[in-house]
Amino acid sequence: NEGDNAIYRALPDLDWFRTYQFPKVSDLLGPVKMTVTGVQAGSQHNVVPDQCRYVVDIRVNECYTLEEVLETVRSHVASSVEPRSVRLRSSGIAMDHPLVRAGRALGATCFGSPTLSDQALLRCPSLKVGPGHSGRSHTADEFLYLHE
């Protein structure tokens, strides 16, 4: 019971990431999603950890800029916040764009992809087109069925 335990200090921030809901929800992408994906702290069983580092995967929708989300995070947590990058941004296309209308006329369905691709570097209206189920993409056993 001696020392300032960095893990205990981090717990309120970790819980904030788990429970906070951004008010603006996208019709296509849903809410901004924040998931703690890694925690590093402690060096041995009998030493109070003086540092706790963690990683949060944040999936932003088109309702917020990266800077707005970063400012919200910084205003709610006590931890020091360092973004990995603010270069990759949400991208998309209007539902009334001619390409979208043409695809829908052919029977294609619209889906907001929560995954990342080079599309995040585009600064113009853009869309992804392809077979398969988005939930299988970016997984270790990614695959397509022949009918897809």
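From its DSSP helices (H runs of at least four residues, each -39,500 (n - 2.57)), the chain gives a residue-normalised ellipticity at 222 nm of -6500 deg cm²/dmol. For Thr35 and Leu144, a Förster radius of 30 Å and the Cβ-Cβ distance give a FRET efficiency of 0.70, rounded to the nearest 0.05.
Across the stretch 57-63, computed HN-Hα scalar couplings (Karplus, 6.51 cos²θ - 1.76 cosθ + 1.60, θ = phi - 60°) run 8, 10, 9, 8, 8, 6, 7 Hz from first to last residue, x flagging Gly and Pro.
Its alpha carbons give the chain an Rg and a Dmax of 19.7, 67 Å. Taking a ≥ b ≥ c as the square roots of the Cα gyration tensor eigenvalues, with a/c under 1.5 meaning rounded and otherwise prolate when a/b beats b/c, else oblate, which class fits the stretch 21-61? Judged from the Cα gyration tensor, the stretch 21-61 comes out prolate (a/c at least 1.5, a/b above b/c).
Exposed loop sites here are chymotrypsin sites (Phe, Trp or Tyr not before Pro) in DSSP loop states with at most 10 other C-beta atoms within 10 Å. What is the longest stretch of the chain lacking them? Segment 1-142 is the longest.
Put a plus charge on the Cβ of each Lys and Arg, a minus charge on the Cβ of each Asp and Glu, and nothing anywhere else: the dipole of the chain about its Cα centre is then about 480 debye. Only residues of the stretch 123-141 count here: report those whose backbone N is under 17 Å from the spot 7 Å along Cα→Cβ of Arg104, or say none. Those under the cut-off are 126-129. Measure out, as a whole number of angstrom, how far apart the alpha-carbon centroids of the stretch 63-77 and the stretch 78-148 sit. So the separation of the two Cα centres works out to 22 Å. The Cα atoms of the stretch 62-148 cover 50, 35, 19 Å along the three principal axes, with the biggest extent listed first. Remark: the Leu122-Asp15 segment gains 35.2 nm on full extension, using 0.36 nm per residue and subtracting the alpha carbon distance.
The convex hull defined by the C-alpha atoms of the stretch 77-128 has an orientation-averaged projected area of 5.0 nm². Share of pairwise Cα-Cα distances greater than 23 Å in the stretch 12-99 is 34 percent (whole percent).
A short reminder: the numbers here are calculations on the coordinates, not readings from a lab. Since the model is a prediction, treat every value here as computed from it, not as a measurement. Neighbour counts run over all protein chains shown; Cβ positions are idealised from the backbone, glycine included.
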